[in-house]
Amino acid sequence: MYFSPWKAVAILLTAFLVCGFAIPNFFPDSVVESWPKWAQRHIVLGLDLQGGSHILLEVDSNAVRKEKVEALRDDVRRVLRDARIGYTGLVARGDTVEVRLREGSDTTQALAKLRELSQPLGGILGGSGQRSIDIVDSGNGLYRLTVTQAAMTERIRQSVEQSIQIIERRVNELGTVEPSIQRQGIDRVLVQVPGLQDPQRLKELLGKTAKMTFRLVDVTNSIPDALQGRVPPDDELLYEGKGERRSPILVEKRVMVSGEDLTDAQPSFDQRTSEPVVTFRFNTSGARKFAQVTQENVNRPFAIVLDNEVISAPVIREPIIGGSGQISGNFTVESANDLAILLRAGALPAPLTVVEERTVGPGLGQDSIAKGKTASYVGAALVIGFMLATYGLFGIFANVAVAINVAMIFGILSLLNATLTLPGIAGIVLTVGMAVDSNVLIYERLREEVRAGRSPISALDAGFTRALATIIDSNITTFIAAAVLFFVGTGPVRGFALTLGIGIITTVFTAFTLTRLMAAVWYRTMRPKTIPI
């Protein structure tokens, strides 16, 4: 029961500092923003407490399949041309690419080249010997290359993982706090953005593939002929503008510069017209290609295409060799900002469709907070009353320790910038009961020592020391359960596990160390003949 001055100061300082991290939660954001960065950390209320948007997205598996097969067709064309092997037909049918070699072609070499395209699948599937492509010789020089189902599944999985990263970058650019972006099933992504009350803007931002290309406009062929279905094989009929201002444009299929070469995009204003625009900058490779295109095509329209829609098609007035430029197209300030966000985050590997959409209003969140507060207050009052009635002075020690325990939980949650949900509040209420349970173990052991006739100081020492092993054992088992819930669970389950796990750590500190310090200070000050418990 002896505490050296430095040890007592260390315990009190630890409790004070951890509780201090919760202070920013009691001030409005306008005040906290003026504080140093390290002091601006606070608890973020989850979707169920402050409202927001809940959207379940599904990756277009058919688009992934189509892209995979088209890539295989391009690979077949490339390897046969590089090997100088002639072929008369190359078509894609479903998941299969068919190619027919010309008479007299070296079929042995062709088959060897085509087999190079079939790679063993990595990861978990790699040990099963499965490959990405099945190749069948159908005779008469006809070969069928089919993308295996395992390869398709792996490609869809990769598309979902890549989509999650891009979605996270796009949502974070909105300036919202702590969005929750999680994978669900094989091809779905759940997006929850607390505090965002405009789900339509979020849907538009997430639903766009944002695949940008820079292509030349075909000025030699007739647009009326293209509208009647006579589109040149190397061209594509696209449209610019919306509504009544929507106009057709004949654009070459060949991509001169890809949006993948963009390194930055920012909303800005045109210095001449003061209209909102988007400025962009290319990497070294993109800047070189952009400069070459603009040098060779002065006075020719250059289309900027986003998801098969022409944003604008300005005429190249002079070569642009700096690797940067701007996009104009009747933008509003918000639409220019959204386009810049899309370009910075990158293009999605496949289109996303909205499967489920919910908007949680702030009123429902406030109602949840009010009910959570009421439950917490009632539970805390009952616990405090029970401890006072049962253990008297030592009940006061336990209640002070529980109050500091809860403050430390909020301090650690603030330090982590954690999201607090309704199940998280339930975890805190449960922690209060567990913290008191630890004190009950100590006090009942203390009563046994007093009944055995030990002196006050000896009874105090034995009560705390012998109860420690039981406290640690019970809390470790609960902490293991909380850890499993955190790493295996999703959403609200993780919120509950987080507050419960943090509460277990703070409980061991407050129920044993802090309560023992208070009991030691009381004994040193009062020197009682008996222990009032």
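Here, each number is a calculation from the coordinates, and none is a lab measurement. Here the structure is a predicted model, which is why all the values come from computation and not from measurement. Cβ sites come from the backbone with ideal geometry, for glycine too, and all protein chains shown count toward neighbours.
Please list the non-local residues whose amide H lies under 5 Å from the amide H of ALA350, H modeled 1.01 Å from N, same-chain partners needing a gap of 5 or more.
none
Run the reach check for LYS242 against lysines, Cα to Cα strictly under 23 Å, same-chain hits fewer than 8 apart removed. What comes back?
LYS203, LYS208, LYS211, LYS253
What order do you get for 422-434, 246-258 when each peptide is scored by the mean count of other beta carbon atoms within 10 Å, highest first?
Numbers: 422-434: 20.4, 246-258: 16.2.
Answer by packing, highest mean first, reads 422-434, 246-258.
Within 10 Å, count the other beta carbons around each residue, average over each peptide in 292-302, 399-409, 266-276, and list them highest first. Before the final figure, lay out each step's value.
Working: 292-302: 15.4, 399-409: 22.5, 266-276: 12.7.
Top of the packing list down: 399-409, 292-302, 266-276.
Roughly how many debye, to the nearest 20, is the charge dipole of the chain about its Cα centre, given +1 on each Lys and Arg Cβ, -1 on each Asp and Glu Cβ, and no other charges?
Working: 55 positive and 53 negative charges, 319 e Å.
Using Cβ point charges on Lys, Arg, Asp and Glu, the chain gives about 1540 debye.
For the range 34-44, in order, what is each residue's ³J(HN,Hα) by Karplus, 6.51 cos²θ - 1.76 cosθ + 1.60 with θ = phi - 60°, in whole Hz (x at glycine and Pro)?
Values, residue by residue: 7, 7, x, 4, 5, 9, 9, 7, 8, 6, 9 Hz.
Please report the net charge: other residues with Cβ closer than 11 Å to the Cβ of ARG183, K and R +1, D and E -1. Mind dumping the intermediate values first?
Numbers: positive: ARG157, ARG188; negative: GLU161, ASP187.
Spelling it out: positives minus negatives among the neighbours equals 0.
May I ask you to evaluate 6.51 cos²θ - 1.76 cosθ + 1.60, the Karplus curve with θ = phi - 60°, for each residue of the range 280-288 and list the ³J(HN,Hα) values in order in whole Hz, giving x for glycine and proline?
3J(HN,Hα) across the range 280-288, in whole Hz: 9, 9, 9, 6, 4, 5, x, 4, 5.
Quick one: work out the % antiparallel among DSSP beta bridges in the range 211-324, nearest 5. Walk me through the numbers before you get to the answer.
Details: 26 of 27 bridges.
Percentage antiparallel, nearest 5: 95.
For labels at ARG358 and ASP106 in the simple 7 Å Cα→Cβ model, what's the distance in nm?
So the two model labels end up 6.3 nm from each other.
From the phi of every residue in the range 372-378, what ³J(HN,Hα) in whole Hz does the Karplus formula 6.51 cos²θ - 1.76 cosθ + 1.60 yield, where θ is phi - 60° and glycine or proline is x?
The phi angles translate into x, 5, 4, 4, 5, 5, 5 Hz.
If you rank LYS66, LYS289 by fewest surrounding Cβ atoms within 10 Å, what's the result? Don't skip to the end; give the middle numbers.
Numbers: LYS66 15, LYS289 18.
Listed from fewest to most nearby Cβ atoms, that is LYS66, LYS289.
For the chain, what is the calculated [θ] at 222 nm in deg cm²/dmol (nearest 500), taking -39500 (n - 2.57) for each run of four or more DSSP H residues and dividing by its residue count?
Working: 16 runs with 265 residues, N = 533.
Calculated at 222 nm, the ellipticity per residue is -16500 deg cm²/dmol.
If you restrict to DSSP beta bridges whose two residues both lie in the chain, what percentage is antiparallel, to the nearest 5?
Around 95 percent of the beta bridges assigned by DSSP in the chain are antiparallel ones.
Taking amide H positions as placed 1.01 Å from N in the peptide plane, with prolines and chain starts having none, which residues 5 or more places from ARG131, or on another chain, fall under 5 Å of its amide H?
Excluding prolines and chain starts, which carry no amide H, the hits are LEU121.
Taking every alpha carbon pair in the range 244-400, what does the distance histogram look like in 5 angstrom bins from 0, in percent?
Once binned at 5 Å, the Cα pair distances of the range 244-400 give 1, 7, 11, 13, 13, 9, 5, 4, 4, 4, 4, 5, 5, 4, 4, 3, 2, 1, 0.
In debye, nearest 20: dipole of the range 211-324 around its Cα centre with unit charges on the Cβ of K, R (+) and D, E (-)? Could the numbers behind the result be given before it?
Working: 14 positive and 17 negative charges, 27 e Å.
For the range 211-324, the charge dipole is close to 140 debye.
State the Cα centre-to-centre distance between the range 1-57 and the range 60-87 in whole Å.
55
Would you work out the charge dipole size for the range 61-153 about its Cα centre, treating the Cβ of every Lys and Arg as +1 and the Cβ of every Asp and Glu as -1, and quote it to the nearest 20 debye?
On the way: 15 positive and 12 negative charges, 28 e Å.
The dipole of the range 61-153 has a size of about 140 debye.
Taking the mean number of other Cβ atoms within 10 Å as a proxy for protection, how do you rank 340-346, 521-527, 480-486 from highest to lowest? Could you put the intermediate results ahead of the total?
Details: 340-346: 20.7, 521-527: 12.1, 480-486: 15.1.
Per-residue mean Cβ counts within 10 Å order the peptides as 340-346, 480-486, 521-527.
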